[in-house]
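I have placed the structure first, in the form of structure tokens, so that the comments after it can refer back to it.
The values are calculated or read from the model by the stated rules, or taken from the named source; none is laboratory data. From a predicted model like this one, the values you see are computed outputs, not experimental measurements. Note that we place each Cβ from the backbone using ideal geometry, even for glycine, and neighbour counts take in every protein chain shown.
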Amino acid sequence: MKIKVDKNGIGDIRQLRLNPDNPYVRDEEQLDSLKSSFNKRVGKGLTPNITPIIVYADGLIKGGNSRYTAGMESKNYFCHIVVDPRKSTDLTEEELLDEVTDDNIKRKEMWTNIVGIFNKWESIQMNKADSDRALKVSVKSDYCKEKFGYTYDTVKLAVELEKEKPELFAKIDNEGWGVRKAWAEYQSENKLTAGRQTAKSTQSIDFIDKPIVSKIVSKVAMALNEAREISVPISNRTSMNPYDGLNTKVRSTIISTFMETIGSEVFIGEGVNCEPATAHFADADWYFPEKSLQCEIKVTEFEGVSKTSWKWNKIKGGWHTLVVHSDAKRFFVVHANLEESNFTKPKSSYDSCKVFLKDILSLEHQVMIGEVYEDKTGVQVNFDLV
């Protein structure tokens, strides 16, 4: 079917058809505005649409779904149309998605559309005959940055929200919420124990003994020492060490990440299969598949026995390797098998679940590095310089 337009590019939009795979959704506010504009322009003897509707030669709309819908619903059928000489069937599914989204992209894209586009793109990639089962995070990151101008982490949260909590997801577009604000609300609404084991583990972690923990922490300390030696030239006369500018929280996060990755390699070297956490929030820090056993790692800076605590977004029972450091140079490490009653609940949506060092020392625990002793003021800990 040849699309008929006159010499001025005006044609009957009833010969066109919407793309059923177009991931965009109706924007009622935009449609009402377009219909009002179309009626005013037609009343003045003008073509309804200023921006043309772009279609493929077979009538499938490439760009301008909203303009087409506004024209149909306002019965302003004769609109400005630009015809792409190619047929939509000449393009692959991926090429068609790219062209449709490129021609429909808005300066400030609705998150409903972003999630729809991303899900469609991911589905196409997964269905490719030569595609691996899992797309690399770097591929997703590049696509999100190039296509939407957002990081993959942010898009991933939006996808999860749209699936798990659509009423909160809707607030992003309808009420101007940020994705991370909606995600934080979802987490606070979600029970602190949802999807988590809250009881003690019934398994033994005797295989994670003092020599292995000492070996892991020793390698972590070596990595930190190397980080301290990094020198970045700022000018011909000045250089700086990026590590020196890191705050306590960031240093603790780095130690935790090193514990996960270096620890996994140490376990494997000892003949124990261990998988470290990936970017997914549900992953265990150390997972031992042959034993079906998880162990979480928490790291914090020492603030005195009574004030030192570790923080969780959600309560997590089972085995934990709890690390306390003093300026990322000296360490105290303890194993504890936790349950829900060991946690202090958050006092607000901005607070975290906590377990205090003083409480750990009153529970059954295993000191892996350092020592516990008592003086006139009570229970104290000694750190080891690993």
Any hit, segment 67-75, residues being more than 40 Å from the chain's Cα centre (by Cα) and among the basic types (Lys, Arg) = yes
Working carefully through the options 252, 204, find the one that is outside the structural domain of residue 297 (by TED's automatic domain parsing) and modelled with pLDDT of 85 or more.
-> 204
Conditions: (1) part of a strand (DSSP E or B); (2) among the aromatic types (Phe, Trp, Tyr); (3) more than 17 Å from residue 198 (Cβ to Cβ); (4) under 34 Å from the mean Cα position of the chain (by Cα). Residue 350 meets all but one. Number of the miss?
-> (1)
Consider residue 374 against the criteria (1) in contact with a Lys or Arg (Cβ under 7 Å, 6 or more places away or on another chain); (2) assigned to a strand (DSSP E or B): it satisfies all of them except one. Which criterion is unmet?
-> (1)
Name every residue in segment 228-241 that is farther than 11 Å from residue 328 by Cα and either among the charged types (D, E, K, R) or surrounded by 11 or more Cβ atoms within 10 Å (Cβ to Cβ) (or both), in order of residue number.
-> 229, 230, 237, 239, 240, 241
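Residue-by-condition table, conditions (1) touching a residue at least 60 places away in the same chain (Cβ under 8 Å); (2) out of contact with any helix residue (DSSP H, G or I) (no Cβ under 9 Å at 6 or more places or on another chain):
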residue	(1), (2)
169	no, no
174	no, yes
218	yes, yes
224	yes, no
231	no, yes
Those residues that are among the acidic types (Asp, Glu) and in contact (Cβ under 8 Å) with a residue 60 or more places away in the chain, I need them from segment 328-369; list them, please.
-> 339, 340
Select from segment 310-342 the residues that are surrounded by fewer than 21 Cβ atoms within 10 Å (Cβ to Cβ), closer than 23 Å to residue 218 by Cα and of a type in the set (Gly, Ala, Ser) and list them in ascending order.
-> 326
From the option list 292, 306, single residue qualifying as out of contact with any strand residue (DSSP E or B) (no Cβ under 7 Å at 6 or more places or on another chain), over 15 Å from residue 197 (Cβ atoms) and surrounded by fewer than 20 Cβ atoms within 10 Å (Cβ to Cβ) is 306
Identify the residue in segment 267-289 that is touching a residue at least 40 places away in the same chain (Cβ under 8 Å) and surrounded by fewer than 19 Cβ atoms within 10 Å (Cβ to Cβ) and, among all such residues, is nearest to residue 327 (Cα to Cα).
-> 279
Within segment 26-79, the residues that are basic (Lys, Arg) and assigned to a loop (DSSP other than H, G, I, E, B) are 26, 44, 75
Taking residue 355 as the residue in question, decide whether it is touching a strand residue (DSSP E or B) at 6+ places or on another chain (Cβ under 6 Å), in a strand (DSSP E or B) and farther than 24 Å from residue 228 by Cβ.
-> yes
